[in-house]
Each structure stands twice: as C-alpha cells, then as structure tokens.
Amino acid sequence: MFDPSRDQARRFFIDAWRKHRAKQLVSPLEDLAIRLVAEHPEYHGLLEEGEAALAREWTPESGESNPFLHLSLHLAIEEQLSIDQPPGLRAAFEALLARRGERHAALHDVLECLGETLWRAQKSQSPPDGEAYVDCVKRKR
C-alpha cells in the first residue's frame with residue numbers, strides 16, 4: 001500500500017502543478033491532481049512557492065485549513081468514487097450531485113463526511129466506518 005510521508009504528499013501536488021505550468025507530460029494521477037488544483041485557485045500561489053510550502057504548518061488554532069490535506073482528501077474521494085469503495089459511495093454521491101446540481105459543491109460535502117469519518121476513526125483508534133461514511137453522504141442536502 002502506498003503511504004507517502006507528509007512531504008512526499010505535498011511534493012506530489014507541487015510537482016504536478018509545476019509540470020502543468022511548464023506544459024510537461026504528466027501521469028494520469030498527476031493529471032487528476034492538476035484538475036483538482038485547478039478547481040482551487042486559492043491554492044495556486046502556495047503551490048507555486050515550491051519547497052517553501054513544504055515546511056508550512058496549518059493548525060486548527062490558526063483558523064486556516066490545510067490546503068494539502070484538502071487536496072489529498074479530494075484525491076482520495078475521486079479514487080473511492082472510481083471503485084465504489086466503500087460500497088454504495090458512488091450511488092450516494094450521484095444522488096447528492098443530483099440534489100446539489102454542482103459537482104465541486106457535492107464533492108466538498110463528501111469531503112466533510114470523509115474528514116469526520118477519519119476523525120472518528122483516529123479518536124476511537126479503530127478503522128474508518130465505511131457504512132457511516134456512506135450514510136453521512138446520503139444525509140447531505
């Protein structure tokens with residue numbers, strides 16, 4: 001299983017965005033990351049900082065959300081949707097998308113559910129509850 005370090009995950013987004021700006025060839029995963037970054041223009045400047053962005057910290061106390069965490073969760077959701085894992089996620093997302101009418105807004109709803117699911121798993125020191133995750137997505141309006 002691929003388990004990148006914090007800096008490796010951050011460098012992945014920075015390098016993908018750099019390649020995009022330089023019009024270089026990218027892998028399919030980098031292409032997906034670039035499309036996600038394109039949906040978040042507020043992160044472009046940060047990614048263009050390159051190495052300086054690797055050391056920056058975002059804490060709940062600072063009131064800022066971590067852009068690398070945000071993009072990584074987006075990437076995870078896209079993968080989950082592509083393989084319908086946990087089972088039922090794709091159908092729950094499609095129903096949410098029909099209600100919301102805008103894909104990026106619906107993805108942000110799913111992102112909230114995934115974040116909550118991961119937080120609960122960390123807090124209880126147990127695996128993430130896929131069924132609760134899908135149920136959360138189903139409850140979103």
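The values are calculated or read from the model by the stated rules, or taken from the named source; none is laboratory data. Predicted model, so just to flag it, every value in this text is computed and none were measured. We place every Cβ from the backbone using ideal geometry, glycine too, and count neighbours over all the protein chains shown. We work out accessible area using only protein heavy atoms, side chains counted, and drop any ligands, DNA or RNA first. Shrake-Rupley method; radii C 1.70, N 1.55, O 1.52, S 1.80 Å.
What the table below lists for this structure:
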{"quantity": "Inter-residue pairs, beta-carbon under 8 Å, first in contact (Cβ under 8 Å) with a residue 40 or more places away in the chain and in the stretch 77-97, second among the hydroxyl-bearing types (Ser, Thr, Tyr) and surrounded by 14 or more Cβ atoms within 10 Å (Cβ to Cβ), 6+ apart", "calculated": "86/133; 89/133"}
{"quantity": "Check on residue 30, under 16 Å from residue 10 (Cα atoms), out of contact with any Ser or Thr (no Cβ under 9 Å at 6 or more places or on another chain) and either modelled with pLDDT of 95 or more or of a type in the set (D, E, K, R) (or both)", "calculated": "yes"}
{"quantity": "Residue 128, sole failed condition from (1) part of a helix (DSSP H, G or I); (2) without any contact (Cβ under 8 Å) to a residue 60 or more places away in the chain", "calculated": "(1)"}
{"quantity": "Qualifying helices (runs of 4 or more DSSP H) (wholly inside the stretch 1-115; at least 2 residues being surrounded by 16 or more Cβ atoms within 10 Å (Cβ to Cβ) and within 13 Å of the chain's Cα centre (by Cα))", "calculated": "6-21, 28-38, 67-83"}
{"quantity": "Given (1) free of Cβ contacts under 8 Å to residues at least 12 places away in the same chain; (2) more than 17 Å from residue 104 (Cβ to Cβ); (3) not small (Gly, Ala, Ser), index of the condition residue 35 fails", "calculated": "(2)"}
{"quantity": "Inter-residue pairs, beta-carbon under 8 Å, first at negative phi and in the stretch 44-71, second basic (Lys, Arg) and open to solvent by less than 30 Å² (accessible area, probe 1.4 Å), 6+ apart", "calculated": "53/10; 54/10; 68/10"}
